[in-house]
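Shown next, in structure tokens, is the structure this report addresses.
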Amino acid sequence: MKQKSWFLRGALALGFAFLYLPILSLVVYSFNDNKLVTVWSKFSVKWYGVLLQDEPILSAAWLSLKIAFMNATLAVILGTLVALALARFGAFRGRALLSSLATAPLVMPEVITGLSLLLLFVAMEQFIGWPAGRGTLTIVIAHATFSMSYVAVIVQSRLTGMDVSIEEAALDLGAKPAKVFMVITLPIIAPALLSGWLLAFTLSLDDLVIASFVSGPGSTTLPMVIYSKVRLGLSPEINALATLLVGFVSIAVLGAGLLMARQERLRQRDVQMAIAGNK
């Protein structure tokens, strides 16, 4: 048993080292004064100053954040609707087709997704004149196309594990379906919605392939700028940018975790109070 425990701890340590040591080295070398990213000279924050003066990167970062925010919000709305249909409406005609279409983007190669969306946008522009060209709107629509699949899977799993009798009791007491959803269902699935929103935000912020297909002049995202710069050689300012992104994502995940933990504690307290009141 003791040998098994040491083996599991060693495997866990190796797994974390494999995942996070490259990120840690990137963060450390972002404070390197040397222009060569692999040669350490002395501690300095000058590359952060250089980064803050790089207008193309700042513009691309702001555009990527806006796209990620709009995509995550749209993906949560659409994914939640799909999850509700699959988890609450039972067997209906077309359910298998809806489930397949909702999960297809999870396994579809990004090149195929990007190319098919590009052809769709071109055909729509020719027939109905919308969308006019490729830009921010087409990127948001393309990102929401695959992000909503992740949200649908997360929310559906939460709805499936939820006690349906709570909703049924509220309906029996005369509450309208919309009221039941807003007062009972929505607070219970809120952690899943938040998790899906953060996942969709991260996927959009990270996407390069699909955005390259559906973007146009003036709509260059941050991954596209970073890829073009890295092809010309590694730069310490890219390390600084990656460090800021890692910090931003870490703070967002930590905040979401604390919020979900607080909501779970409040829900458990309400359940205990309800049980105590019935005794």
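Using the alpha-carbon atoms, what tilt in degrees (0 to 90, nearest 10) does helix 222-231 show relative to the longest principal axis of the chain?
With both axes taken from Cα atoms, the answer is about 30 degrees.
Could you tell me which residue out of GLY233, VAL183, SER215 lies farthest along the dipole of the chain toward its positive end? Charges go on the beta carbon: Lys and Arg +1, Asp and Glu -1, centred on the Cα centre.
Value computed over the given set: VAL183.
Gaussian network model of the chain, Cα springs within a sub-10 Å range: biggest mean-square fluctuation belongs to which of TYR48, TYR150, TYR227?
Answer for the Gaussian network model of the chain: TYR227.
Round to the nearest 10 and give me the degree value, 0 to 90, for the angle of helix 2-29's Cα axis relative to the longest principal axis of the chain.
Long axis of 2-29 versus the principal axis of the chain: about 50 degrees.
For the stretch 145-279, what are the per-bin percents of Cα-Cα distances with bins 5 Å wide, up to the bin holding the maximum?
2, 8, 12, 15, 15, 12, 9, 8, 6, 5, 4, 2, 1, 0, 0
How big is the equivalent ellipsoid of the chain along its three axes, where each semi-axis is √(5λ) from the Cα gyration tensor, reported in whole Å from largest to smallest?
39, 30, 18
Stretch LEU21-ILE77 to full length: gain in nm at 0.36 nm per residue minus the Cα-Cα span?
Full extension from LEU21 to ILE77 adds 16.5 nm.
Say each of ILE128 and VAL111 gets a label point 7 Å from the Cα, pointing the same way as Cα to Cβ; how far apart are those two points in nm?
Rounded to a tenth, the inter-label distance reads 3.1 nm.
Quick check for me: using +1 on Lys/Arg Cβ and -1 on Asp/Glu Cβ, what's the dipole size of the chain about its Cα centre, in debye to the nearest 20?
My answer is approximately 700 debye.
Run the helix sum for the chain: -39,500 (n - 2.57) per DSSP H stretch of 4+ residues, divided by residue count, reported at 222 nm to the nearest 500 deg cm²/dmol.
Per the formula, -26500 deg cm²/dmol.
By counting other Cβ atoms within 10 Å of each Cβ, how are MET108, MET148, MET273, MET162 ranked from fewest to most?
Taking fewest neighbouring Cβ atoms as first place, the list is MET273, MET108, MET162, MET148.
Please list, by residue number, everything in the stretch 4-27 whose backbone N is under 18 Å from a paramagnetic label point 7 Å out along Cα→Cβ of VAL253.
12-27, by backbone N distance to the label point.
I'd like the projected area of the stretch 76-205, averaged over all directions, using the convex hull of its alpha carbons. Report it in nm² with one decimal.
9.6 nm²
List every residue whose amide H lies under 5 Å from the amide H of ASN34, counting only residues 5 or more places away in sequence or on a different chain, with H placed 1.01 Å from N in the peptide plane.
Those lying under 5 Å, H to H, from ASN34 are SER41, LYS42.
With point charges of +1 on the Cβ of Lys and Arg and -1 on the Cβ of Asp and Glu, referenced to the Cα centre of the stretch 37-272, which listed residue (LEU120, ALA256, ALA75) lies farthest in the positive direction of the dipole?
Going by the charge dipole, the pick is ALA256.
What are the ³J(HN,Hα) values, in whole Hz, obtained from phi via the Karplus relation 6.51 cos²θ - 1.76 cosθ + 1.60 with θ = phi - 60°, for each residue of the stretch 199-216 in sequence order, with x given for Gly and Pro?
Listing the rounded values in order: 5, 5, 4, 5, 4, 5, 5, 8, 5, 10, 5, 5, 4, 5, 6, 9, 8, x Hz.
On a 0 to 90 degree scale, rounded to 10, what angle separates helix 55-88 from the longest Cα axis of the chain?
Roughly 20 degrees, rounded to the nearest 10.
Pairs on different chains or at least eight residues apart, Cα atoms closer than 26 Å: how many lysine pairs in the chain fit?
For the chain, the number of qualifying lysine pairs is 5.
A short reminder: the numbers here are calculations on the coordinates, not readings from a lab. Because the structure is a prediction, the values reported are computed rather than measured. Neighbour counts run over all protein chains shown; Cβ positions are idealised from the backbone, glycine included.
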